[in-house]
Every structure is written in C-alpha cells, then in structure tokens.
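The values are calculated or read from the model by the stated rules, or taken from the named source; none is laboratory data. For clarity, every value in this text was computed on a predicted model and none was experimentally measured. All Cβ positions, glycine included, derive from the backbone under ideal geometry; neighbour counts span all protein chains shown. Please note that ligands, DNA and RNA were not included when accessible areas were found on the heavy atoms of the full protein model with its side chains. Shrake-Rupley method; radii C 1.70, N 1.55, O 1.52, S 1.80 Å.
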Amino acid sequence: MNKAAQATGHSLLALMEADSARFRQQAAECPADLGLWTKLYTVSQIMLSAMQQSRVSSALEEICSNLLGCEQLAIIDISRRTGRIQFLKSQQLSSEKLMAVAEQGPVLESQIQRGTLQVISDKRDEESGKFSQLGITALVPLWLDDESSGCLLLFSLLPQRSGYDIEDREVLRLLATHAGPCLRSEKRG
Amino acid sequence: MSKVLLVDDSNTALLMGETVFKQHTSCDVVTARDGQEAVQKALAEKPDVILLDVVMPKMDGFEACQEMRKHDSLKNVPIIMVTSRGEPANVANGYRCGCNAYLTKPINAKELLEIVGVFLSSDDKAHKATRVAKRKGASTVE
C-alpha cells in the first residue's frame, strides 16, 4: 500500500499539500509536459479542498468529467467480511446497469485486491470481458479502511474521446492513491 | 497585459485553466461561475478573450454569448466555447450565438494556449486563430 493509502488526518493533508506543490513546480518548469503536470496539480488541489469541505465524491465526478471526459461513473465500497457491495455514488447510470455491476461483486473484489489501476480496453482476459460488456472502461482501486475496499468505476467516455491517453492514466493513478484515503477521511468525519 | 475571462461552474475546469494561463503566460485571469456573472464580468473587466463553458446555472453559455454580442464593447472580443458538449448541433448553435471557436473538453493545455495566443497576438485575430484551431482539430468558423 502506498504512503497516501496509509496516511490519515493531518499526515494525509501534509502529503497531499507536498504533492500539490511538487506538481505545480513541475508545471512551471516543464513546458513540454505542461498538460500532464497541470492536470496532476489540479487533481491534487481539488481533492485537497474537497476533503476539507467533505465533498470528495462530488469532486471525483468533476475531475472525471472535466479532465478525463467521463461523465458516467460509480464509486463502490465492498465489505471484506461480507463481500457486500454498496454504491457510495453513481452518476448517469441506470438502475439496471447498477444492478448488473452489483452482480459482479466477487469479480470486482478480486480485481480490487490486485490494487492496481486497470484500463479495461488494454486487457483481453475473461474478467475484463465481463467489465467491457457492462461498458466499464477503467477500474481504479480505492483503499477505504481496514475492513473495506472499493473502487471508482469509469464507464463510457464522451464521444470525442477514443480512449485514455498517457496523461489520463497518470490522473487515474493519482486518483488510485489519493481518492481512497480522502473518502476514508471523509467517512470518518 | 492581456486579460482572459474564464467562465465555468466547475472548480476543476477553472483551476486547470487558471493554472495553465498563470504558469505559462503573463495574462491576467478573471473568472466567472455562471452565464450572468460572465456577462457582468465581461462588461466590467473588458477581457481580450473569453473562454465560455456551455452547461452552467442561471444562464447557459449560448445565452451568455448572445447577450455579450449585444454590447458594442464585446462585439469583437474573441469568444471560445469550451465544453464537453461536442455534438454537431451544439457546435452549430455556438456559432449561431456568436462564438469564434468551439473546443471540446477535456482540454489539451498546449492547444488551448496556442489558440488563445493567436487570438491575443494577431492583428488578423480571427483568421489566424481559425487556421491554427483547424490544424488542431478544433471546430471554428471562417
């Protein structure tokens, strides 16, 4: 598990502030990678401010919509004891689609346990095939607390997007390390 | 010093835009969070270019663009629609309402700087910007 996943409260804030400052500096110093560093800085700042205002899940929606071009998403919490799925948030998804996702609980959990970002279109295995059929384009694992883990599921991209590029994948990796601890911190109040 | 008015109801989009312009240009950046505020700020701040989201509370970007074009002081200010709504009907509507270029989200920072830079620096602003935007795949009007 990464540093952010283990951090709580003030240490999480400090870690995120340090990351944010680093991304801002890189954005100023590396014009060739301006888009990448600006996006990472924006994500870290928005998450930092959202955590302080207890609006992390709304911030995730905004980030995915504005920076990735994905308006359909779900944030899922899976109990490690019971395997039960709980939708913490969903946007622009039908109840039928949510039920179909819920039926894939065990498969989702096994994917989450791997702990790495998964862009579904990159894979050709049986489990990824099931996600593809549901319209899932990326699975971002989130570490929520000792008893549950979760994920951010991204569905169809806007028509003008053909897939996730290198910048998008770095944004998704940052969300994988920071979004879980922020949600956890929000849950604990 | 040039002034850019960024209009969006999303904190994420505003921060991204502000960071791009503040880090890599000498532009002043002014922001607004809905169409009504955008018209007020445009009249008060006299920006050199306006980046306008479409889906916003109170007044959407199309209405705001039309409203701005009614004022003499804003008739020739370049307005670039920046939105996730890239459907042809929306693009056509943007031009009917008076925008100069139409970019779809997610924004590519370099393209944004290049297109805005051309609008800001050239005497033949609209024509040059159209050429650059077309090369970059953005929808523009001749």
Take the conditions open to solvent by 30 Å² or more (accessible area, probe 1.4 Å), modelled with pLDDT under 90 and within 27 Å of A:ILE46 (Cα to Cα) and apply them to A:GLN86. Does it pass? yes
Quick check on A:LEU93: is it more than 14 Å from chain B (Cβ to nearest Cβ), in contact with a helix residue (DSSP H, G or I) (Cβ under 9 Å, 6 or more places away or on another chain), outside any helix (DSSP H, G or I) and under 27 Å from A:LEU12 (Cα atoms)? no
Mind listing just one residue for me: the one in the stretch B:1-30 that is open to solvent by less than 50 Å² (accessible area, probe 1.4 Å) and more than 14 Å from chain A (Cβ to nearest Cβ) and, of those, farthest from A:GLN45 (Cα to Cα)? B:SER2
Could you please let me know if A:LEU13 is assigned to a helix (DSSP H, G or I) and either surrounded by fewer than 21 Cβ atoms within 10 Å (Cβ to Cβ) or touching a Pro at 6+ places or on another chain (Cβ under 6 Å) (or both)? yes
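To keep it simple, each residue is scored yes or no on (1) more than 19 Å from B:ILE115 (Cα to Cα); (2) of a type outside the set (Asp, Glu).
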| site | (1), (2) |
| --- | --- |
| B:CYS27 | no, yes |
| B:VAL30 | no, yes |
| B:GLN40 | yes, yes |
| B:ASP53 | no, no |
Restricting attention to the stretch A:33-48, does a residue exist that is open to solvent by 40 Å² or more (accessible area, probe 1.4 Å), in a helix (DSSP H, G or I) and of a type outside the set (Asp, Glu)? yes
Scan of the stretch B:82-100 for residues that are more than 14 Å from chain A (Cβ to nearest Cβ) and out of contact with any helix residue (DSSP H, G or I) (no Cβ under 9 Å at 6 or more places or on another chain), ordered by number: B:ALA92, B:TYR95
Enumerate the pairs (first residue in the stretch A:56-77 and at the interface with chain B (Cβ under 10 Å from one of its Cβ atoms); second residue anywhere and acidic (Asp, Glu)) with beta-carbon separation below 7 Å, excluding pairs fewer than 6 apart on the same chain, so at least 6 apart or on different chains. A:SER65/A:GLU71; A:LEU68/A:ASP168
Complete set of residues in the stretch A:132-168 that are over 17 Å from A:HIS178 (Cβ atoms), at pLDDT below 90 and part of a strand (DSSP E or B): A:SER148
Please state which of the following conditions A:LEU36 fails to meet, knowing it meets all the rest: (1) touching a residue at least 24 places away in the same chain (Cβ under 8 Å); (2) of a type in the set (A, V, I, L, M); (3) more than 10 Å from every other protein chain (Cβ to nearest Cβ). (3)
